[in-house]
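These notes are about the structure you will find just below.
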Amino acid sequence: MTRLFGTNGIRGVVGQDMTAELAVRVGRAIGTHFGSGTVALARDPRLSGPMLARAVAAGLMSSGLEVVDLGMVPTPCAQYYVHTHAGLKGGVVITASHNPREFNGIKALDAQGMEMAREEEEAIEALYFEERYRAADWSGVGDLRSDPGAADAYMRGILSHVDVEAIRKRHLTVVADPANGAGCVTTPYLLRALGCRVLTINGQPDGAFPGRLPEPTVEHLGDLMRMVVEAKADLGVAHDGDADRAIFVDETGAFLYGDKSLALLARSELAAHGGTVVTPVSTSSVLEDVVREAGGHLVRTRVGSPIVARTMLAQGAVFGGEENGGILFPAHQFCRDGGMTLAKMLEVVAKSGESLSKLAASLPQYHLQKQAVEVPIERREATLQGLLGLVKGRKVETIDGVKIYEPDGWVLVRPSGTEPLFRVYAEARTAERAKALAAEGADLVRRAVRG
Ligand code: MG
């Protein structure tokens with residue numbers, strides 16, 4: 001069967017594959033799947049958001065569901081709302097997360113506020129493709145009401161999980177760059193509640209994303225890095241378009257790679273509680289070192305945040321996340337949360353009495369090297385099989401692609417989920433060794449693809 005949901009919901013270019021008709025049908029399918037009850041609806045500030053949200057709402061209501069419209073809020077805020085309202089069946093968020101401005105998407109949430117499990121998505125896909133929609137009669141059509149209180153409740157929830165007094169005492173200066181995205185309505189206020197001096201850049205919601213592209217990568221954060229230095233701030237924080245990710249800039253204006261923030265936060269979470277940490281197979285060894293040192297246990301998964309979240313739930317993990325800044329704190333909720341990640345990072349900085357750059361320098365240092373090798377889609381499976389043959393006898397991990405361990409590093413090769421290529425990630429203690437391992441990984445893919 002053709003799939004509707006990708007790894008992170010339904011995504012498409014507005015007016016081409018992401019249309020009002022699609023949104024109505026998806027709303028009908030989700031409504032039919034839930035059967036009855038109430039669902040929350042939210043969106044990021046993309047220009048097509050109001051149009052798609054109304055179309056999804058119409059589909060949901062036509063199947064008999066009640067809709068609570070939360071308006072324009074971060075995805076984790078909508079997830080927290082569903083998570084903390086026991087009566088809700090689930091939720092729908094209109095967002096394309098970190099994708100460029102021409103995209104939008106539809107994300108479905110289950111009753112716990114988590115991204116839906118694959119089985120539930122398949123049930124909705126079956127209803128959609130077979131057009132088996134429930135059509136409520138005149139008296140059964142659902143109602144729509146608004147709840148403007150979701151953002152405040154979400155911020156109160158975050159504040160209940162950090163040492164607010166310890167953070168307030170440091171009087172930190174923070175530059176926030178929410179990318180003109182949904183984080184504009186929460187992050188500056190959250191920082192103010194934590195006693196910070198707050199400066200913002202790209203701080204007004206604008207679906208045209210006039211300031212920068214919504215993905216918080218080093219290439220897109222030049223303005224933030226400069227502003228942190230000029231304002232003599234303690235740190236900078238950047239979100240993606242729906243603020244489920246947080247990436248940091250230290251007080252020297254240096255971009256802090258996501259594996260380092262992940263390691264700093266893991267160290268602090270394990271110090272408090274011990275326990276299990278979950279991350280994809282592609283994450284840096286720095287996390288492994290930190291978790292081992294803290295007496296914790298690291299579980300590796302396939303790449304993708306819903307898989308990380310589901311594994312965390314199954315394993316009763318205390319912490320988890322990905323190197324792209326998508327980090328989960330299960331005591332708060334089982335989903336990536338940019339606001340929560342920010343509050344926890346401020347707590348780490350405040351309690352250590354150190355600067356962010358010093359904290360990052362205290363971590364084991366690794367070098368990561370990335371490459372990509374073109375592989376036609378029809379050769380993907382054969383290439384994977386070929387790789388397994390080529391690495392016979394070596395220490396490998398096959399959770400997602402093939403990861404080869406060497407005494408002084410590792411190389412992972414895995415097929416891209418969306419493009420006709422294999423990604424190669426290599427890591428070692430020196431840049432030269434990482435480069436050599438990446439070259440070996442790329443070479444193995446080229447040999448495997450030839451068969
Ligand atoms: Mg996102």
Quiz prompt | Unmet criterion (only one of (1) more than 28 Å from Gly353 (Cβ to Cβ); (2) more than 16 Å from the ligand (Cβ to nearest atom)) for Glu293 | solution = (1)
Exercise. Residues being open to solvent by less than 10 Å² (accessible area, probe 1.4 Å), of a type in the set (Gly, Ala, Ser) and more than 21 Å from Val24 (Cα to Cα): count how many of those fall in region 86-128.
Key: 1
Quiz item: Of the residues Tyr154, Tyr133, which is surrounded by 15 or more Cβ atoms within 10 Å (Cβ to Cβ) and closer than 20 Å to Thr186 by Cβ?
Solution: Tyr154
Exercise. Restricting attention to helices (runs of 4 or more DSSP H) lying wholly within region 290-361, give those where 2 or more residues are modelled with pLDDT under 95 and under 13 Å from the mean Cα position of the chain (by Cα).
Key: 305-315
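Conditions (1) within 16 Å of the ligand (Cβ to nearest atom); (2) under 19 Å from the mean Cα position of the chain (by Cα); (3) not β-branched (Val, Ile, Thr), marked per residue:
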residue	(1), (2), (3)
His220	yes, yes, yes
Asp223	no, no, yes
Ala231	no, no, yes
Ala243	yes, yes, yes
His273	no, no, yes
Thr279	no, yes, no
Quiz item: Which of the following residues is β-branched (Val, Ile, Thr) and in contact (Cβ under 8 Å) with a residue 60 or more places away in the chain: Thr38, Thr75, Thr19?
Solution: Thr75
Quiz item: Can you name every residue in region 164-192 that is within 19 Å of Leu213 (Cα to Cα) and in a helix (DSSP H, G or I)?
Solution: Ala182, Gly183, Cys184, Val185, Thr187
Quiz prompt | Checklist (1) open to solvent by 30 Å² or more (accessible area, probe 1.4 Å); (2) away from the ligand (no atom under 16 Å from the Cβ); (3) touching a strand residue (DSSP E or B) at 6+ places or on another chain (Cβ under 7 Å); (4) closer than 21 Å to His367 by Cα applied to Ser284, failing item | solution = (1)
Quiz prompt | Matching residues in region 252-275 - criterion: being in contact (Cβ under 8 Å) with a residue 24 or more places away in the chain, open to solvent by 10 Å² or more (accessible area, probe 1.4 Å), part of a helix (DSSP H, G or I) and not polar (S, T, N, Q) | solution = Asp259, Lys260, Arg267, Glu269, His273
Self-check item: Filter result for the condition that a residue is more than 19 Å from Lys260 (Cα to Cα), open to solvent by 50 Å² or more (accessible area, probe 1.4 Å) and among the acidic types (Asp, Glu), over Asp163, Asp206
Solution: Asp163
Quiz item: If you take the residues of region 269-290 that are of a type in the set (A, V, I, L, M) and touching a helix residue (DSSP H, G or I) at 6+ places or on another chain (Cβ under 6 Å), which of them is farthest from Gly6 (Cα to Cα)?
Solution: Val290
Quiz item: Going by the conditions given, is Ser36 among the small types (Gly, Ala, Ser) and buried (at least 22 other Cβ atoms within 10 Å of the Cβ)?
Solution: no
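Each row is one residue, and each column tells you yes or no for (1) aromatic (Phe, Trp, Tyr); (2) modelled with pLDDT of 95 or more.
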| site | (1), (2) |
| --- | --- |
| Tyr366 | yes, yes |
| Gln371 | no, no |
| Arg380 | no, no |
| Lys392 | no, no |
| Gly409 | no, yes |
| Val413 | no, yes |
| Ser416 | no, no |
| Ala426 | no, yes |
Self-check item: Looking only at region 307-328, and only at residues there that are more than 16 Å from the ligand (Cβ to nearest atom) and hydrophobic (A, V, I, L, M, F, W, C), the one that is most open to solvent (accessible area, probe 1.4 Å)
Solution: Ala314
Exercise. For residues that are under 20 Å from Gly326 (Cα atoms), surrounded by fewer than 19 Cβ atoms within 10 Å (Cβ to Cβ), of a type in the set (A, V, I, L, M, F, W, C) and without any contact (Cβ under 8 Å) to a residue 60 or more places away in the chain, tally how many sit in region 212-246.
Key: 1
Quiz prompt | Checking Pro50 against (1) at pLDDT 95 or above; (2) within 16 Å of the ligand (Cβ to nearest atom); (3) open to solvent by 40 Å² or more (accessible area, probe 1.4 Å), the condition it does not meet | solution = (2)
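The values are calculated or read from the model by the stated rules, or taken from the named source; none is laboratory data. Here the structure is a predicted model, which is why all the values come from computation and not from measurement. Counting neighbours? That spans all protein chains shown, and the Cβs are built from the backbone with ideal geometry, glycine included. Calculation scope for accessible area: heavy atoms of the full protein, side chains included, ligands and nucleic acids excluded. Shrake-Rupley method; radii C 1.70, N 1.55, O 1.52, S 1.80 Å.
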